[in-house]
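Values quoted throughout were computed directly from the atomic coordinates according to the rules given, and no laboratory measurement underlies them. Quantities reported herein were computed from a predicted structural model and do not represent experimental measurements. Cβ atoms come from the backbone with ideal geometry, glycine included; neighbour counts cover every protein chain shown.
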């Protein structure tokens, strides 16, 4: 059993984030610097909560 390969130390992942366009839609491209795992998250899925008003009287 000397051929055993050590498993990567992830998770937690250590993401390097860049932006990329996929089919015309902006995405955040995440790549783990430790284990090279990758994922793409649409930009629209991450920015919605930034624009929600915290003041309940804002719509009055």
query = In nanometres, what is the gap between the two model label sites at residue 22 and residue 9, each 7 Å from Cα along Cα-to-Cβ?
reply = 2.9 nm
key: Ordering of 29-40, 13-24 by burial proxy (mean other Cβ atoms within 10 Å per residue, highest first)   = 29-40, 13-24
